[in-house]
Structure formats: structure tokens, C-alpha cells
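Notes to accompany the following structure.
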Amino acid sequence: MFRKEPSEIGKRVLKDSPILAALREHDREGIDGIIRLVEGCDEYNRRVALPRALELDQRMEREPEYFDWVIMREACRYRIFSLAIPESLGGMAGKYMVTGMALAVEELCSACGGIGLALAAHSLGVSPLVASGAMAHWETVLREIVEEEKKGNPVVMAYAITEPSAGTDVEEPEFLQVAKIGMEAKKVNGGYLLNGRKCFISGGSEAKYFTVTAATDRRRPLETWTTFLVEREMPGFSTPRVELKMGQRACHAAELNFEDVFVPQSHVLGFEGDGMANGILIIMAASRGPVGAIATGIARGAYQHFLSWTKTVRGGKRPIDQERIQMALADMQALIQESRGLYLAHSLCGDALFRRAFTHPLFKSAFLLPRKLRTSRAYSAFLNSYYGKSMVNAIFRRFIRDEDITDMLSKASLAKFTCADNSMELISRALELMGVNDSPERLWVEKCYRDAKLTQIYEGTNQLNRLVVYNVEIAGTLKIEVPRPFKRGVR
Ligand SMILES: Cc1cc2nc3c(=O)[nH]c(=O)nc-3n(C[C@H](O)[C@H](O)[C@H](O)COP(=O)(O)OP(=O)(O)OC[C@H]3O[C@@H](n4cnc5c(N)ncnc54)[C@H](O)[C@@H]3O)c2cc1C
């Protein structure tokens, strides 16, 4: 509901992100919508995440297979599973979809990086379904997520691109060209047979639906890279194991196994062969900024625990009274503010881009059709046909230009590696200053250190993200070519 005075959380958000305070002068309703999201995440943290984060981290070191479904069920109340689902479908993604997501994950990860990742990875799984414009599945899968969430039942999605023999290689066109791909999708009558393995998949052991990339010809992975919607119930699919993780343990990293998994033609998201541009680069352009927000949240959590520790009396003195600690605290503030500024620069740029498509009357008019028609077989068949997909693509692509999405990818990579490195720098310094002690704050900061480390690795290692920035900004060799509708074979 429209409110004149922001709440205490709202005041904090506006103070910490002055750009949002400035935007609120022009769009109070829009920014207050983001604030309400953050308020929900703050309540979730106090009620659910903070009371169990440390214990869960310790338990999952002993029992990596264990999973706490309470953290997922409780998240339904705050609509966290709908963060990436467009409002037209009853979801929470409005005109500030990327910024809302980023601020929500910063808030969640300020309490626990692992619980935050368990919730954020779901939205990563949802993104290819939204970004590919696979509208035939929106009325089924995305609606199901929204409807079940309202009943308190989390329906989880996961995003699977990494293979045992190819991690960094599947995230960059130049590397994919020479990658040793293990998984293959063989064309058969009516669809594809998927064989192979994916690894390190966040939420993979809990998810019901998966967005999965695979080559239809392993010798030409770049040209044949394709995104599929896979359902857990499909015969031949299994999740045989989870990793013992060093950090963010509350979120499983699972292996996915495919043995002759038949995936119908209707479950190809976008077009066969557009998996690098449509299935990976556009997703990374949107999601690497929020990974920066995950790192920022973990750093903020560590900072708060460190600050509490500096106020405790040790040997008759408080650390905070020493100048070197005061200067360290100021440096930590600088790292957090720089990080937030970078991920917000990315997310606001992303909002401007996606808003053009998602709020356009052409897009909205598709939802004016009666629900019965939208869920009919004939309509689904049309949307899944070559011409149906091309038409939806034409609408999307009209508003998303190659240069804009390439610029967004660069901003996302910049935010991702800077926030992750800043987070590690801040937390390392806090640990050094605390030294070896048995305070509860040190336990938290040590956990934050392990949690933050992983943000340097996933969504492309920081090395890869630096190369992306170089290739876009300096060499000019990396350009996302958004798939063109009605032109077969052009990526
Ligand atoms: C906690 C966690 C969660 C994850 N969640 C998911 C998920 O949900 N879905 C998913 O698909 N994947 C996920 N991953 C996988 C993640 O994206 C990969 O781990 C990552 O891309 C790195 O791949 P790799 O581990 O194979 O490392 P490698 O690619 O083997 O890299 C090893 C090292 O070599 C460097 N390197 C490699 N190639 C180059 C190059 N050409 N130039 C310069 N340096 C290079 C890397 O930067 C890195 O330092 C997750 C990983 C982790 C740790």
C-alpha cells in the first residue's frame, strides 16, 4: 500500500542507496514496492534465518545430505519464489525486477549466505524460462510456482550449465567453442534424448523443474548449445549426490544425472542452437549483478558481527576505542558502499532494459486473452511452434538491443567480481583484527568468510568476469547477438 513515510527499514534502504532515494522523488510507488520486499526479507531473517543459520551450517558439515525445508516453506510467506516471475502472472517482478531481486538477496544474505543462496538459486532457475519468452510454459510452470507459493508449498527450480569437464568453458563463447562437453542432447522423433551429467547445481536436489543447457552435437558445442526445460519426474533423470561444501552449506550443490531422458520438442526454450546467447549470456547479464548483491549481503553481515565484537570489553578495553579499529571500520564501510553502488548501477540499467519489454502493451495484451484460451493445447502448440516462438521473440527483441544487453553483461561482471573481492577483503581483515578468540561473533565472521569465498567462483569465476569486462570494454571482441526471430540459423 502507498505510504508517505518509509518504515525504519525503508529509511535504512534509502540512506544506504541514495540513488533509490533520488528515484523515489519521481516514482514513490515503485521504490516503496522494493522497500516492502526488503522489509519482508528482514522479517524472514529475524524469524527464520538468523535463529538457525549457525546451527544449520554446522549440521550440514556433518550431514551434507540434510536439507532444512522450513527455510523454504517459510520463504513462501514473503513471496520469495516469485521474485523473478512477471507481475502479469501473479509474480513479484515489476518495473524494478532486477533491483528488487538484488536488494532482496543482499538482505537475505546479510543473515546467512547459504539460506540466501538456496532462495536466490531458484530465481536463477526461473530466469531462462522468463528470458527466452517460453510463454507456453509460463501458464503451467510459473503459474504453479506462484499458486503453490500462496499455499505455502515451495516449487523449486534450478539452473544447470556446469559439467564435470566444463565449468568456465560453458560461460563464454570463445571457450565453449573448444570445450570438452560431456553431455549431449540427441535429436529423436518428437524431441531429444539427454545423456550425461551436470555438477555443482545449487538447489538441484530439491528442484522440481530444471533449466538445462546441452549440445545437440558435442563436436560443435557453440553452434548447437540449447536450453531445455527438464522435469524431475522424467524417466532416466536422477540427482545421485550432493557436495560437502566449505560455505553456503544451507544450499545443496547437487550432481544431476541424465540417462536417456526424453525431453519433448515443446521443452526447448528459445531455439535449438541459441543456448549461448539466449540461454547463458542474457541470463548472466541479468544475474551476475545480484551475485554481487549476495557478496555484499555476506560482507554486511560480517561487518555487523565484527562491529558488535569491537564494542565488547576485552582485557578492560574495547577494541572500538582504538584508532586502527576505527579506520578499519571506515574502510569496511567504503567496501560495502562501493559494492552496493556497483550492483545497483547494474540492476537499474537492467530494469530499464527489461521494463521496455515487460511493461509494453504488446506484451501485456497477451494476458488479456481468456485464461482458458491461454492454457489450451492449441495455443500452447502455436507458442511452441517455430512461428509462435518467433513472434514472441520479435516482441522481446524489439526492446532488447544487442549493444544494451552487452553493456549490461559488462556491468554485471564488473559488479560481480568487485563485490566478491570486496567481501573477501572486508571479512579477511575482520578475522585478522579479531585474532583467535572464542567469541560468538568470531564464529559468525568465520562462517561469512567461507560463504563469501564461493561468490568468487560461481556465475563465472572472478578471472572469467575480468576477461568479460576486458573483452567488452577494451578489446571489443565480446558482443551478445540476441537471437533474431524469423531468421533460422542466425544466433
Ligand atoms: C557454491 C557453488 C554453486 C554453484 N551453483 C551452480 C549452479 O547452480 N548451476 C551451475 O550450472 N553451476 C553452478 N556452479 C558451478 C560454477 O559456475 C563453476 O564452479 C564455475 O563456473 C567454475 O568452473 P569450474 O569449477 O569447473 O572451474 P574451472 O573452469 O576448472 O576453473 C578453475 C580455475 O581456472 C581458471 N580458468 C579456467 N579457464 C580459464 C581461462 N580460459 N582463462 C583464465 N582462467 C581460467 C578459473 O578462473 C579458475 O580459477 C556452482 C559452483 C559453486 C562453487
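The values are calculated or read from the model by the stated rules, or taken from the named source; none is laboratory data. Keep in mind that this is a model prediction, so the values were computed, not measured. Using ideal geometry, Cβ is built from the backbone for each residue, glycine included, and neighbour counts are taken over all protein chains shown.
For the stretch 438-456, a residue qualifies if it is in a loop (DSSP other than H, G, I, E, B) and near the ligand (Cβ under 9 Å from one of its atoms), and exactly one does: Gln456. Scanning the stretch 407-423 for residues that are crowded, with 21+ Cβ neighbours inside 10 Å and not small (Gly, Ala, Ser) yields Met408, Leu409, Lys411, Leu414, Lys416, Phe417, Thr418, Cys419, Asn422.
Output yes when any residue across the stretch 108-122 is touching a residue at least 60 places away in the same chain (Cβ under 8 Å), surrounded by fewer than 24 Cβ atoms within 10 Å (Cβ to Cβ) and not aliphatic (A, V, I, L, M), and no when none is. No, that holds for no residue.
Among the conditions (1) in a helix (DSSP H, G or I); (2) in contact (Cβ under 8 Å) with a residue 12 or more places away in the chain; (3) more than 12 Å from the chain's Cα centre (by Cα), Glu144 misses just one, which is (2). One residue alone among Val38, Val70, Val13 is among the hydrophobic types (A, V, I, L, M, F, W, C), within 24 Å of the chain's Cα centre (by Cα), within 28 Å of Arg143 (Cβ to Cβ) and buried (at least 18 other Cβ atoms within 10 Å of the Cβ), and that residue is Val38.
Taking the condition within 13 Å of the chain's Cα centre (by Cα), of a type in the set (Asp, Glu) and not assigned by TED's automatic domain parsing to the domain that holds Leu348, does Glu106 pass? Criteria met by Glu106. Look at the stretch 90-131 and say how many of its residues are within 16 Å of the ligand (Cβ to nearest atom) and outside any loop (DSSP other than H, G, I, E, B). The number of residues fulfilling the criteria is 22.
Arg429: touching a residue at least 12 places away in the same chain (Cβ under 8 Å), away from the ligand (no atom under 16 Å from the Cβ) and basic (Lys, Arg), yes or no? Yes: the conditions hold for Arg429.
Is it the case that the stretch 79-88 has a residue that's surrounded by fewer than 24 Cβ atoms within 10 Å (Cβ to Cβ) and touching a Phe, Trp or Tyr at 6+ places or on another chain (Cβ under 6 Å)? Yes.
Confirm whether Thr239 is assigned by TED's automatic domain parsing to the domain that holds Gly167, hydroxyl-bearing (Ser, Thr, Tyr) and within 15 Å of the ligand (Cβ to nearest atom). When the stated conditions are applied, Thr239 passes them. The residue of the stretch 246-261 that is farthest from the ligand (Cβ to nearest atom), among those that are assigned to a loop (DSSP other than H, G, I, E, B) and within 19 Å of the chain's Cα centre (by Cα), is Ala250. Given the structure, is Arg218 outside any strand (DSSP E or B) and within 20 Å of Ile181 (Cβ to Cβ)? In short, yes. Filtering the stretch 457-468 for residues that are out of contact with any Asp or Glu (no Cβ under 9 Å at 6 or more places or on another chain), aliphatic (A, V, I, L, M) and away from the ligand (no atom under 16 Å from the Cβ) leaves an empty set. When Ser390, Ser385 are checked against the criterion of being touching a Phe, Trp or Tyr at 6+ places or on another chain (Cβ under 9 Å) and either within 28 Å of Ala328 (Cα to Cα) or surrounded by fewer than 23 Cβ atoms within 10 Å (Cβ to Cβ) (or both), Ser390 stands alone in meeting it. Sub-7 Å Cβ pairs linking a first residue in the stretch 439-451 that is within 12 Å of Met246 (Cβ to Cβ) to a second residue that is in a loop (DSSP other than H, G, I, E, B), at least 6 apart or interchain, are Arg450/Met246; Arg450/Gly247; Asp451/Gly247; Asp451/Gln248, ordered by first then second residue.
Confirm whether Met101 is more than 16 Å from the chain's Cα centre (by Cα) and at pLDDT 95 or above. No: the conditions fail for Met101. Residue check: Asp451 meets all listed conditions (1) surrounded by fewer than 16 Cβ atoms within 10 Å (Cβ to Cβ); (2) under 30 Å from Ser308 (Cβ atoms) but one, namely (1).
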